[in-house]
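Just below is one structure, and these are the notes that go with it.
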Amino acid sequence: MPAHFDLAPYQAPLLFLVAAGVVVPLFKKLRLSPVLGFLLAGMLIGPHGLGRINELLSVGIPFLAKSDQIATLAEFGVVFLMFNMGLELSLERLILLRRYVFGLGAAQAAACGLALMICARLLGQDWAASATLGIALALSSTAIVVPVLAEKKRLNSFSGRAIFSVLLFQDLLVAPLLLVMSMSAESGRDLLLTLGYAFAALGLIAGVGRVVLRPFFQLVAAARSNDLFIAACLLVVMATAVAAAYAGLSMALGAFIAGLLLAETEYRRAVELTIAPFQGLLLGLFFVSVGADLDPLRVVAHPLTTLGLALGLTALKAPIVAGLARVFGAKGQKAREIGLLLAPGGEFAFLILAAAVLAGIVSKQLADDAMIAVTLSMTFIPVLASFAARKPKAGVVEIAAPELAAAERVLIIGYGRVGQIVAELMRAHKLDYICIDADPGVAASAREKGEPVYWGEASRPNFLANCGLATAKAVVITMHTPSAVDEVVRICRAARPDLTIVARARDALHARHLYALGATDAVPETTEASLQLSEAALVDIGVPMGLVIASIHEQRDLYRKALIAEGDVAATAARPFSAKRKKR
């Protein structure tokens, strides 16, 4: 007889994996957000879904019961989300979009929060509950809106970047809101002491992080082990979260500070890519736990409260946001798109309302109704996005603000001697660029000089995508290893058939191979050295500079055509200049 096996410890992970492995792919196939899949899966496998069936039939159906273990893991989903938000809030991005982040974003939060607070007050809530509901419901869904915009290729449009700016401000707003919620039970002198202790703890975390994080990641990166880098990323997220919790703050706030500190380092892009799978899974668990706590029968029991709040929330926010967008330069279809996509509620409402319930500001019943209304409003987003994306009438031309135009940078792969010269010339011609180098020492040294250099492996397609390959003006590959150059050319051409790719080649044979892979231009080191020697010699012996430059350009073009042409490179190579040789 086999020994009795206790299913209880494995029940919650198995149910979550069923939700992640079955329900979410189904939602993706239906072109719906995975967030909605996780929420609805949580309702299905939670105590109000399978749990209620089990109560009625008593057949022992396993369901996702609330436990401390699930709550802890779900909290880490929020921790990773806030860490990623910190990484997104780079100083460069905030400066570029400052008018829309701190202008449109602040105006949206204030106007929508005030309007919703007045509505809550008119419905009989006290001032504290009304203010909490107002700001919680004023926030929008980053987790759904950004993927929807990306899927429709609208993320780099005027409206897409304006929406992203507003979401960026909301991300900035969440951290202090969580801090206020956690301290709302304090009063008078206790509150001042708590605030002082909190700011001291945040200052200590930020100070230690600023001193330690960059050298720590430089040490890990030098080991050139992907596993060690993953472990280092997880350590930083969890250590800062636990340190903040130990100081009496929220774990999410500590992780947010760590993300802010790493946002200005050369490791930001690689860290974003590394934590993405963990963030996706743990955030999925958070949404499953939120869904498990929502009772779908409340929609039936309180249809006017839940459905009315969901529809009213969207109907109230949409014209307010669209009107504000017009003030900031969006017209017609763009203003409509911004208003409709930011009108539904967002995932941060769950955090704020849960914290408000713990602080006794909002009743559990009201918070549950509000959470269900937010969930319902989030289901409107794909439909609203399709409606908003309808093309405007013919003849309507709208000019985008320059700071909201797509970021067309030049990507320089490799920051050695060649890459540094390319970057210097880009800077001289006032072209925006970022550089990528796999050597942590090179990246750290360049960062100290203020150069936009990121550490990472350019042979990883996801990493290049994270560095802005989709909107790059050109890619210049200066690495000295031919196989690495080949791989990057192959990845870039597969991702962007229209992209300008200029690659460094070892010799003529390598240059031909790069042209075959799809390089726009391949520059052999030996050929360029010969041309530069010829140029210097001709100038030094007195040939006019104009004639020399013209002949060098002509020779370079002939040689390039020979490399691209079929046949042997040596046989089809251009002869030195077109002038006839003198007989001697």
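FYI, it's all coordinate maths here, none of it is from the lab. Note that the structure is a prediction, hence the values are computed from the model and not measured. Every residue, glycine among them, receives a Cβ derived from its backbone with ideal geometry; neighbour counts consider all protein chains shown.
Based on other C-beta atoms within 10 Å, arrange Leu14, Leu261 from fewest to most.
Ordered from fewest to most neighbouring Cβ atoms within 10 Å, Leu14, Leu261 come out as Leu14, Leu261.
Taking the Cα centre of each part, how many Å lie between the stretch 413-484 and the stretch 257-314?
For the stretch 413-484 versus the stretch 257-314, the Cα centre distance is 33 Å.
How much length would be gained if the chain were fully extended between Ala315 and Leu56, taking 0.36 nm per residue of separation minus their Cα-Cα distance, in nm to one decimal?
Numbers: separation 259, 0.36 × 259 = 93.24 nm, distance 3.88 nm.
The span from Ala315 to Leu56 would gain 89.4 nm if fully extended.
Working out 0.36 nm times the residue gap between Ala110 and Ile564, then minus their Cα-Cα distance, what length gain in nm do you get to one decimal? Walk me through the numbers on the way to the answer.
On the way: separation 454, 0.36 × 454 = 163.44 nm, distance 5.97 nm.
Net length gain for the segment: 157.5 nm.
Using the 10 angstrom Cβ neighbour count as an exposure proxy, how do His429, His302, His510 rank, fewest first?
Numbers: His429 7, His302 17, His510 20.
Listed from fewest to most nearby Cβ atoms, that is His429, His302, His510.
Which FRET efficiency value, to the nearest 0.05, is calculated for Leu425 and Val22 with the Förster distance at 45 angstrom and r the Cβ-Cβ distance?
Numbers: r = 53 Å, r/R0 = 1.18.
It comes to 0.25.
Let me see the P(r) profile for the chain: every Cα-Cα distance counted, bins of 20 Å, each bin given as a percent of all pairs.
18, 45, 27, 9, 2, 0
When only Cα pairs under 8 Å and 6 or more residues apart are kept, what is the percent relative contact order across the stretch 444-561? Mind dumping the intermediate values first?
Working: 119 pairs, mean separation 19.0, N = 118.
Result for the stretch 444-561 is 16 percent.
Using only alpha carbon pairs under 8 Å that are at least six residues apart, calculate the relative contact order of the chain and give it in whole percent.
Values: 843 pairs, mean separation 90.4, N = 584.
The normalised contact order for the chain reaches 15 percent.
Give me the angle, in degrees from 0 to 90, between the Cα long axis of helix 525-540 and the longest principal axis of the Cα atoms of the chain, rounded to the nearest 10.
Taking the Cα atoms of the chain, the angle to 525-540 is about 50 degrees.
For the chain, what does -39500 (n - 2.57) per DSSP helix run (n ≥ 4), summed and divided by total residues, give at 222 nm, in deg cm²/dmol to the nearest 500? It would help to have the intermediate numbers written out before the result.
On the way: 28 runs with 392 residues, N = 584.
Helices in the chain give a 222 nm mean residue ellipticity of -21500 deg cm²/dmol.
Under 16 Å from a point placed 7 Å out from the Cα of Arg506 along the Cα-to-Cβ direction: which residues of the stretch 527-560 have their backbone N that close?
Counting backbone N atoms under 16 Å from the label point, the list is 527.
Could you pull out every one of the aspartates and glutamates with an alpha carbon less than 15 Å from that of Lys152, ignoring same-chain neighbours closer than 8 positions?
By straight Cα distance, Lys152 reaches Glu337.
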